[in-house]
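Written out below as structure tokens is the structure these notes cover.
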Amino acid sequence: METLKNNLEEQNKNLANFQEEQKSNPEQEANPQHKDVLFFDAPYHSDQELAYSMIKDSGQNMDLPRGMLSISSYMQQHELTSSVIPLDSYIYPEIQDLSQAEMTQKMYNIIDQKVHDADPKIIAFGLMYTFTEPIVLEMTSHTKSKFPDKKVVVGGNHATFSDLELLDPSAKTGIDIVVRFEGEETMVKLTQELQKPNPDLAKIKGISYVNERGKIVQNSPRERMNLYQIPPLDYSSIDSPEGLEKFNQTAMFIRGCKGNCAFCTSPNYWSRELSENSINNFEQELEFLAKNGVEIIGILDDDILASEQGFESIIKSLEKIKTKYPTTRFIAQTRVTHFRNPEQNQEKLTKMKQAGVDRLYVGIESGSQQILNQMAKGYKVEWVKPALENIKDAGIETGGFWLFGHPGATKEEENRSLAFMEELLEKRLLDDVEAHCVVPFPGTRIAKDLRVQVFDHNKKHYGLLNNYPVYNLVNPETGKIEMSASEIFGFLQQALEIRKKYLGIEANLANRPLEKN
């Protein structure tokens, strides 16, 4: 009897709490479209200068915001509602017909309507890539002025390393909170806290914000997620007029990279540590894409060979999907460091081919050992040819990433790098080349390198797709320019001409004149 009495008291208490919550949140009853959070993905195509470059580069498809989708799926698991809105899908079809001003106004109209309909507590914007910062700041400023009672939040790679600038009160960005590093657990805790009458942001790990005294506060970082706690991506939370076939499709098994490249944010973002997804989640994501007609799926892991155990798990999953959906193909990437002894990975390459991996991209980056050492790539130039030969022998196409203008580069060494690229193409060891100028992204070591003299601070130009360098390479002691932006760009132009010569791929350069340097 006593147990029954306690149970009844507990039920009555829970019912009272629930009724109280409903009183404090009447909009959830009155508005069936209500969401706790709206996630807006930056519309790359809203800027015409970037749009035409991205259309050619991405095969006229848009990227699916996987990070936001993962956060939204995790929030749903905690009974928090959200929608993910890829703004590009609303703007993309009309970029040929609308002016820049018209596209911007359409972007504002979409945000206003979505916020009005869902009445969320939080309006979140993805700021993954540096070149989208100007677009995102337009959106956050507009949103805060239009909906001053809402909390405006940004997160992503670029936001993580630019929180102080984004929250600077004098900049008037409209941003209230920056979520740093992984966002799943942080967004859950933040949303739950903001639903309280008197929220205390000081207790939320992994955020930066401006306190009541106008001071920017950087809370301690949150511990890395156990990815087994995250459910499979819930694609139903995507709010888009376009079908999945309009998006570039990817799946990820491992977060992080063991590399220590000076030009990459990964060492600071992931601390060179790996975390693995659950096999069940990975396979469910692959299954969903394949059964919906996606035939080319990119494996988003920075390095498919990063972990022995992880590799075997990935291959088993790909084999299952390939058996069930025979037309499905996969694209992956890896590092040259795995091919110091090429024969040791021959069995793995064979497994990749059998599992449906049709192309493997390798981070070659340069054909100069001097430049590779400056990049901290950790491999020898002489490892590249045997590596590509082994990949080709396994029946897998090869792609190579290439960079120009890294600190420590000289004209002589860049010419050496170009000659090496041409040699590989001439010997048909490369089926594709992605060549770019180095970009000093926030969070990279080169962003603080005194040899990098930035003269163009327009973040819109900080994108690999833009191609134009935003800096000169100088002698930090004398200030003398050792390689100008135009000279760096000249090496990229030569690389693209070499690519066109052997692969027939047209160069894709934005129509923006170089600034004086």
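Taken together, the values in this text are just the output of simple stated rules run on the coordinates, not laboratory data. Bear in mind that the values here come from a model prediction, so they are computed numbers and not experimental data. Reconstructed Cβ throughout: ideal geometry from the backbone, glycine too, with neighbour counts over all protein chains shown.
Remarks
- Nearest-ten-degree value, helix 279-291 long axis tilted from longest Cα axis of the chain: 80
- Inverse of mean 1/r across different Cα pairs in the range 306-360, Kirkwood, Å: 11.7
- In order along the range 128-139, the phi-based Karplus estimate (6.51 cos²θ - 1.76 cosθ + 1.60, θ = phi - 60°) of 3J(HN,Hα) comes to 6, 9, 4, 5, 8, 4, x, 5, 5, 5, 4, 5 Hz; Gly and Pro are listed as x.
- Over the range 79-217, the ratio between the Cα radius of gyration and 2.2 N^0.38 Å evaluates to 1.05.
- Here, P(r) means the percent of Cα pairs in each 10 Å bin from 0 to the largest distance; for the chain it is 4, 17, 27, 27, 16, 6, 2, 1, 0.
- For the cross-link pairs Lys215/Lys459; Lys324/Lys380; Lys348/Lys427; Lys448/Lys480; Lys215/Lys480, the ones whose C-alpha atoms lie over 29 Å apart are Lys324/Lys380; Lys215/Lys480.
- Counted charge near Glu397, where neighbours are those whose Cβ lies closer than 14 Å (Asp, Glu -1; Lys, Arg +1): -1
- Near the amide H of Ile238, within less than 5 Å, lie the amide hydrogens of Val84, all on another chain or at least 5 residues away, with H placed in the peptide plane.
- Helix 100-118 axis, angle to the chain major axis (alpha carbon atoms, nearest 10°): 30
- Candidate aspartates and glutamates for bridging to Lys320, where Cα separation is under 15 Å - those fewer than 8 sequence places away on the same chain excluded: Glu283, Glu285, Glu287, Glu295, Glu312
- Charge tally around Ser366: other residues with Cβ under 10 Å, Lys/Arg +1 each, Asp/Glu -1 each, net -1.
- Value of [θ]222 nm, deg cm²/dmol, for the chain, DSSP H segments ≥ 4, -39500 (n - 2.57) each, nearest 500: -12000 deg cm²/dmol
- Theoretical gain in end-to-end length, Leu503 to Gln354 [0.36 nm per residue, Cα-Cα removed]: 51.0 nm
- Most to least packed among 178-185, 164-171 [average Cβ atoms within 10 Å]: 178-185, 164-171
- The chain - Cys residues lacking any other Cys C-beta under 4.7 Å: Cys257, Cys437
- Within the shell defined by Cβ-Cβ distances under 14 Å, the residues around Ile314 carry a net charge of -2, with Lys and Arg each +1 and Asp and Glu each -1.
- Between helix 384-393 and the chain: long-axis angle, C-alpha atoms, 0 to 90°, nearest 10: 80
- Linear extension gain, Asn248 paired with Glu102, 0.36 nm per residue minus alpha-carbon span: 50.0 nm
- For the range 261-348, the spherically averaged projection of the C-alpha convex hull amounts to 6.8 nm².
- Hits among aspartates and glutamates - C-alpha to C-alpha of Lys196 under 20 Å, sequence gap 8 or more where chains match: Glu20, Glu21, Glu27, Glu29, Asp36, Glu79, Asp119, Asp149, Asp176, Glu184, Glu185, Glu212
- Amide hydrogen neighbours beyond the local backbone of Arg329, cut-off 5 Å, H modeled: Ile296, Ile297
- A straight chain from Gln344 to Ile296 at 0.36 nm per residue would run longer than the Cα-Cα distance by 14.5 nm.
- Contact order normalised by residue count of the range 219-325, Cα under 8 Å, 6+ apart, percent: 31
- Entries in Lys144/Lys189; Lys246/Lys385; Lys106/Lys150; Lys121/Lys291 that, when Cα-Cα distance is taken, lie over 29 Å: Lys246/Lys385; Lys121/Lys291
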